[in-house]
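**Q** Dropping the structure in here first, questions after.
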Amino acid sequence: MSELRAPDIAHLGPIELFTPKPQESVDFFTEMMGMEVEHRHGQSVYLRGWDDYQRWSLKLTEAARAGMGYCGLRTWSDEALERRVALIEAAGLGRGWEDSGDDGIGRAFHFQDPEGHRFKLYSEVERYVKPVPTDFKNVHGKQPNRAVAVKRFDHLNILAGDVRAQRDFATGVLGYREYERIELNDGTLGGSWLSVTIAAHELIYTRDAYAAEGAHGRLHHAAFWVDTREECLRAADIWIENEVYVEFAPSKHNVAQGFFLYGYEPGGNRVEVTSGGRLVYAPDEPCVIWTESDRAKGQAWHNPTVHTFHTYGTPVFEPRQSA
Ligand SMILES: [Fe+2]
């Protein structure tokens, strides 16, 4: 067996989302997701889930079109950061250092994956300090008295024309492990579920249905964590009552076993409230391969996947209609 060792990257986040409706998006994440505004700077609003250890995990930035600005990746140390920067530079995908970036995050290195999605690699970060200590010394914040209150940013799913190229970059250059993937009949990859932790899905690439027509660098969804399935169901009730667009009602994914609720925030980005999911303890756990016939069964309980789940992403791409 080849030598296995701890990865240089500790976890993903925070994430920046672009929104053409900044106030409505802030209202959604505070009132429908239970996040709090940590601070504001320029055209951006920084929000935190109640158990985020960092000051913030979501940055909403006003922009003409929805989509992902960047996703942060924190390394275990400055040495780990330098090691990965050298590998990214060698791959020709570095975009340079940022000395004074987002509040609370130290020196950061910008890069892109082969698809063009932006990432920010950093080591040092300010931790959130509770304004008033509570008896829960091991909880980073204080849960709000809201019906829906996500704890933290959990995982990211981004779209790509060539999933294999992104997977190879993530495993070969960034040091991710691939826990599960979809292999299509034509030999291409439909999706790859990657992680640097025991959580079965942290960074997910799935195929952009419109890549051949020019779609590029799109976001599929950003997922936010709650501890129970019941909280996902409660979120669905509250979203419906408040006219949030529910795209995919609560159910369970077969891949990675995550429980989900999907909807679109007012800016157009797909957002997930998630819980559960497989944890991988074995250092030599084999990658799970899903085939087209497996996927034809639908989600975990054989309920069909809604059509837009395979086509919608942000920025929104309108394929040319055939005459
Ligand atoms: Fe997800």
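The values are calculated or read from the model by the stated rules, or taken from the named source; none is laboratory data. Source: prediction; values computed, not measured. Note that we place each Cβ from the backbone using ideal geometry, even for glycine, and neighbour counts take in every protein chain shown. With ligands, DNA and RNA removed, areas are computed over all heavy atoms of the protein, side chains included. Shrake-Rupley method; radii C 1.70, N 1.55, O 1.52, S 1.80 Å.
For every residue, the table says whether it meets (1) touching a residue at least 60 places away in the same chain (Cβ under 8 Å); (2) out of contact with any Cys (no Cβ under 6 Å at 6 or more places or on another chain); (3) among the small types (Gly, Ala, Ser).
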residue: Glu79; (1), (2), (3): no, yes, no
residue: Arg84; (1), (2), (3): yes, yes, no
residue: Asp99; (1), (2), (3): no, yes, no
residue: Gly104; (1), (2), (3): no, yes, yes
residue: Ser123; (1), (2), (3): no, yes, yes
residue: Phe136; (1), (2), (3): no, yes, no
residue: Lys142; (1), (2), (3): yes, yes, no
residue: Arg146; (1), (2), (3): yes, yes, no
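**Q** Now, a different point. Answer yes if at least one residue in the stretch 111-119 is farther than 23 Å from Leu81 by Cα and away from the ligand (no atom under 16 Å from the Cβ), and no otherwise. Reasoning before the result, please.
**A** Of the stretch 111-119, the ones farther than 23 Å from Leu81 by Cα are none.
Among the residues of the stretch 111-119, not one is farther than 23 Å from Leu81 by Cα and away from the ligand (no atom under 16 Å from the Cβ), which makes the answer no.
**Q** Only one of Ala170, Ala209, Ala160, Ala200 is at pLDDT below 95 and either open to solvent by less than 30 Å² (accessible area, probe 1.4 Å) or over 19 Å from Ile88 (Cα atoms) (or both); which? Walk me through it before giving the result.
**A** Details: Ala170 fails: at pLDDT below 95; Ala209 fails: at pLDDT below 95; Ala160 fails: at pLDDT below 95.
The conditions single out Ala200.
**Q** Against the condition under 25 Å from Ala66 (Cα atoms), away from the ligand (no atom under 16 Å from the Cβ), surrounded by 14 or more Cβ atoms within 10 Å (Cβ to Cβ) and hydrophobic (A, V, I, L, M, F, W, C), how does Val244 come out, does it pass?
**A** Working: under 25 Å from Ala66 (Cα atoms): yes; away from the ligand (no atom under 16 Å from the Cβ): yes; surrounded by 14 or more Cβ atoms within 10 Å (Cβ to Cβ): yes; hydrophobic (A, V, I, L, M, F, W, C): yes.
So Val244 fits the description; yes.
**Q** If only one of Arg74, Arg65, Arg95, Arg84 is within 24 Å of Phe136 (Cβ to Cβ), in contact with a strand residue (DSSP E or B) (Cβ under 9 Å, 6 or more places away or on another chain) and either outside any loop (DSSP other than H, G, I, E, B) or open to solvent by 10 Å² or more (accessible area, probe 1.4 Å) (or both), which one is it? Spell out the reasoning first.
**A** Values: Arg65 fails: within 24 Å of Phe136 (Cβ to Cβ); Arg95 fails: within 24 Å of Phe136 (Cβ to Cβ); Arg84 fails: within 24 Å of Phe136 (Cβ to Cβ).
Checking each option against the conditions leaves just Arg74.
**Q** Considering only residues of the stretch 253-279 that are within 16 Å of the ligand (Cβ to nearest atom), assigned to a loop (DSSP other than H, G, I, E, B) and not polar (S, T, N, Q), which is most open to solvent (accessible area, probe 1.4 Å)? So that I can check it myself, show each step before the final result.
**A** Step one: filter the stretch 253-279 for residues within 16 Å of the ligand (Cβ to nearest atom), giving 253-265, 269-279.
Those still in the list that are assigned to a loop (DSSP other than H, G, I, E, B) too: 253-254, 265, 269, 277-278.
This time we only want the ones that are not polar (S, T, N, Q), so: 253, 265, 277-278.
On the way: His253: 26, Glu265: 4, Gly277: 29, Arg278: 56 Å².
Taking the candidates together, the pick is Arg278.
**Q** In addition: For the structure I just gave you, tell me whether Thr274 is closer than 14 Å to Ala223 by Cα and not hydrophobic (A, V, I, L, M, F, W, C). Walk me through how you get there before you give the answer.
**A** On the way: closer than 14 Å to Ala223 by Cα: yes; not hydrophobic (A, V, I, L, M, F, W, C): yes.
Spelling it out, Thr274 is indeed closer than 14 Å to Ala223 by Cα and not hydrophobic (A, V, I, L, M, F, W, C).
**Q** Next up: Scan the stretch 107-141 for residues that are out of contact with any helix residue (DSSP H, G or I) (no Cβ under 9 Å at 6 or more places or on another chain), surrounded by 16 or more Cβ atoms within 10 Å (Cβ to Cβ) and assigned to a loop (DSSP other than H, G, I, E, B) and jot them down.
**A** Within the stretch 107-141, Tyr128, His140, Gly141 qualify.
**Q** On to the next question. What do you reckon, is His11 open to solvent by less than 40 Å² (accessible area, probe 1.4 Å) and in a strand (DSSP E or B)?
**A** Details: open to solvent by less than 40 Å² (accessible area, probe 1.4 Å): no; in a strand (DSSP E or B): yes.
No; evaluated as a whole, the condition is false for this residue.
**Q** Could you give every pair whose Cβ atoms fall below 7 Å, whose first residue belongs to the stretch 156-170 and is part of a loop (DSSP other than H, G, I, E, B), and whose second residue is surrounded by 21 or more Cβ atoms within 10 Å (Cβ to Cβ), counting only separations of at least 6 or pairs across chains?
**A** Gly161/Asp208
**Q** Follow-up. Please list, ordered by first then second residue, the pairs with beta carbon atoms under 8 Å, 6 or more apart or interchain, first in the stretch 299-315 and aliphatic (A, V, I, L, M), second open to solvent by less than 20 Å² (accessible area, probe 1.4 Å).
**A** Ala300/Ser251; Val306/Glu247; Val306/Phe248
**Q** I've got another one for you. Could you say whether any residue in the stretch 300-319 is assigned to a strand (DSSP E or B), under 30 Å from Ala64 (Cβ atoms), open to solvent by less than 40 Å² (accessible area, probe 1.4 Å) and not aliphatic (A, V, I, L, M)? Break it down stepwise before answering.
**A** Filtering the stretch 300-319 for residues assigned to a strand (DSSP E or B) gives 314.
Now restrict to residues that are under 30 Å from Ala64 (Cβ atoms): 314.
Remaining after also requiring open to solvent by less than 40 Å² (accessible area, probe 1.4 Å): 314.
Then keep just the ones that are not aliphatic (A, V, I, L, M); that gives 314.
There is at least one residue in the stretch 300-319 that is assigned to a strand (DSSP E or B), under 30 Å from Ala64 (Cβ atoms), open to solvent by less than 40 Å² (accessible area, probe 1.4 Å) and not aliphatic (A, V, I, L, M).
**Q** Here's another thing I want to ask about it. Just to be sure, is Val306 within 16 Å of the ligand (Cβ to nearest atom), β-branched (Val, Ile, Thr) and in contact with a helix residue (DSSP H, G or I) (Cβ under 6 Å, 6 or more places away or on another chain)? Write out each step before concluding.
**A** Values: within 16 Å of the ligand (Cβ to nearest atom): yes; β-branched (Val, Ile, Thr): yes; in contact with a helix residue (DSSP H, G or I) (Cβ under 6 Å, 6 or more places away or on another chain): no.
No, not satisfied.
**Q** Consider the stretch 173-195. How many of its residues are open to solvent by less than 20 Å² (accessible area, probe 1.4 Å) and closer than 22 Å to Gly72 by Cβ? I'd like the intermediate steps shown before the answer.
**A** Residues of the stretch 173-195 that are open to solvent by less than 20 Å² (accessible area, probe 1.4 Å), as a first pass: 174, 176, 179-180, 182, 189-192, 194-195.
When the remaining residues are screened for being closer than 22 Å to Gly72 by Cβ, the result is 174, 176, 179, 192, 194-195.
Within the stretch 173-195, residues that are open to solvent by less than 20 Å² (accessible area, probe 1.4 Å) and closer than 22 Å to Gly72 by Cβ number 6.
**Q** Quickly run through the stretch 209-226 and pick out the residues that are within 22 Å of Leu12 (Cβ to Cβ) and either within 16 Å of the ligand (Cβ to nearest atom) or in contact with a Pro (Cβ under 6 Å, 6 or more places away or on another chain) (or both).
**A** Start the filter on the stretch 209-226 by keeping residues that are within 22 Å of Leu12 (Cβ to Cβ), which leaves 216-226.
Of everything in the stretch 209-226, those that are within 22 Å of Leu12 (Cβ to Cβ) and either within 16 Å of the ligand (Cβ to nearest atom) or in contact with a Pro (Cβ under 6 Å, 6 or more places away or on another chain) (or both) turn out to be Arg218, Leu219, His220, His221, Ala222, Ala223, Phe224, Trp225, Val226.
**Q** Among the numbered conditions (1) more than 16 Å from the ligand (Cβ to nearest atom); (2) part of a loop (DSSP other than H, G, I, E, B), tell me where Val150 comes up short.
**A** (1)
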